[in-house]
Structures are given as C-alpha cells and as structure tokens.
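Written below as structure tokens is the structure these notes are about.
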Amino acid sequence: MNEFPTVQLSSEPFEDAALLRFPALSRVDGLVHAVTTQPWNMAPHRGPHAAQAIERRRRICEHLGVPFQRLTAAEQIHSHHVVRVRPSDVGAGRMRRDDAVRFVDGLVCDLAQTPLLQLSADCPLLLVVDPPHRALGVAHASWRGTVSRIAEHLVALMQREFASRPDALRAGICPCAGASCYEVGEEVARIARNLLPDADQFLPRLGGKYAFDLRAANAAQLQRAGVPAAYIEVAGECTITDPRFFSHRREGAQTGRFALIAAWH
C-alpha cells in the first residue's frame, strides 16, 4: 500500500464547534476555506438539527467573508462527474439539495466571491487550487467516484477550462474514513481492480477483510494527474474514529454531514 504523509488540520474555535483548515492552503493569498465539525450538521435534508443547516451555512460564509447568496453546491450522486460553474449556476443548492447543480459530484470555478460547498460523512472531499488563475475545484470522492478517478477528472477539467498547469496546483484531501477502518467487500475490491491499475496498493487485507485506503487512492490520482506530491495535503483525521466528524459508518445512515466550503475573495 502506498504511504502518503498526512497533516493535522489547524483548528479555530467557532461558536460551539470549530473550523478546520489545511496549513499550507491557508497561506494561499486570496483563498478562504474551512472544514466544519460536530455538532454543526450542514445538511438540510438529513441528520440532527437539519433545520439549522441553512443558517449555519450563512454564518460560516459571513465568517469567511464571502456572500451566502452565491454559495453553490453539487448534487453529489456518488459519480465521477465534474462541471464548471456557470454564472447561471451561482447559488444553486445553497438552500436545499434538490436545486443543486444536478448529477455531479465535482465543481470547478474561477468566479470571485463564489463559495463552493461539499458535504460528507466519511467520503474524502477534495480541494484543488490554482493560484495563478484564481480558480479552484472541489469534489466528493466516494468509493464509486474514487474508482472512476474523479480526482483526475477534476484536474483535467481545470486544465481545459482555465489552462491550469498541474505542477502549479495545490490540493487538500479532507478528513475521511481511515485506511484501517473503511472495510469493503470483495465486490468493491473487484470493481476497483477493474478500474484502477494500481488498486491492490490501496486494498490491504485486515483480518481476512479488505480495507480501502481512499485517502491514498485519491492522493495517487492527483499525483498521476501532475500535481506535485509536495503540494498535496492529506488530512490525517479519520472520521470513523474522531468524534468531531459525522460518520455514516459509526453513526448510521441518518447521521448529519460536515462540510467543506472554499472560495476566492
């Protein structure tokens, strides 16, 4: 299994929760981003205190200095589809999931003051930043998205849409299920082997079962797409074992969702 160095995210107290940030990405001029924690459920359609999710989104946008009215989200259907945010998309999904950008799990954007939102409860969330072009991309990399290479699709789209140079990109992989915790069955391992040439590196056997190292698999894809390893920050926090995060595996299907929000000023 490939080993990728991990980082601990910095933590800022925020009301009754905390906002986490990638250390290196925090130093990129003009970029703002945050990963939320419990007890703030950021999904208005599921989980505890879901009715408060929209107000919480608004307060975080205000804290980051970006307009809530322009908050834009993908529908997140566990796919590998990534699209560019058009002016007509701005604000989609900020109030409810059913008016998010449809049928996609990733967004790329070069519009200023346009925060992008992604939700998770164990899946990796990806943040890819192009400082020279003031563009960024986000993606929800579930196991289905991971095996169909959503990280590579994200980088390729940024190259096409913004003339991004992969060697100038900076990336962060948010807290997610850790390699030793995310058990999968033979059927998932079989699909991964069909779609990822290096799949066995990310499917260690633990006690007779497979685990899927989603962090390492996505970091490897970013590297394969041309992002330098030194510019990829992989969060070391495991959502299954760290109670700061909502976790589908730990808490069940009706758990809440934590969020990644990112934008250019």
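Some notes on this structure:
- For the peptides 220-231, 238-249, the ranking by mean Cβ contacts within 10 Å, running from highest to lowest, is 238-249, 220-231.
- Cα gyration tensor shape for segment 135-265, rounded if a/c is under 1.5, else prolate or oblate: oblate
- Among Phe68, Phe103, Phe202, sorting on how many other beta-carbon atoms sit within 10 Å of each Cβ, with the fewest leading, yields Phe103, Phe68, Phe202.
- Taking a ≥ b ≥ c as the square roots of the eigenvalues of the Cα gyration tensor, an a/c ratio below 1.5 marks segment 1-126 as rounded.
- Translational D in µm²/s for the chain (Stokes-Einstein at 37 °C, 0.692 mPa s, Kirkwood Rh from C-alpha pairs): 182 µm²/s
- Contour minus Cα-Cα distance for Ser10 and Gln201 (0.36 nm per residue): 65.8 nm
- Gyration tensor (alpha-carbon) shape descriptor, segment 96-161, a/c threshold 1.5: oblate
- For the residues Gly208, Gly137, Gly93, a GNM of the chain with alpha-carbon springs under 10 Å puts the largest fluctuation on Gly208.
- Computed 3J(HN,Hα) for segment 232-240, one whole-Hz value per residue from the Karplus formula 6.51 cos²θ - 1.76 cosθ + 1.60 where θ = phi - 60°, is 10, 9, 10, 5, x, 5, 9, 5, 6, glycine and proline marked x.
- Per-residue ellipticity at 222 nm computed for the chain from its helices equals -6000 deg cm²/dmol, with DSSP H segments shorter than 4 residues left out and the rest contributing -39,500 (n - 2.57).
- Ranked by how many other Cβ atoms sit within 10 Å of their own Cβ, fewest first, the residues Leu157, Leu136, Leu169 fall in the order Leu157, Leu169, Leu136.
- Across segment 138-144, coupling constants 3J(HN,Hα) worked out from phi with the 6.51/-1.76/1.60 Karplus curve, θ = phi - 60°, read 10, 8, 9, 9, 5, 4, 5 Hz, and Gly and Pro carry x.
- Rounded to the nearest 5, the antiparallel percentage of DSSP beta bridges internal to the chain is 75%.
- Between Ala230 and His45, the FRET efficiency estimated from the beta carbon spacing at R0 = 35 angstrom works out to 0.35.
No lab work stands behind these numbers, since they all come straight from the coordinates. As the structure is a computational prediction, the values presented were derived from the model and not from experiment. Counting neighbours? That spans all protein chains shown, and the Cβs are built from the backbone with ideal geometry, glycine included.
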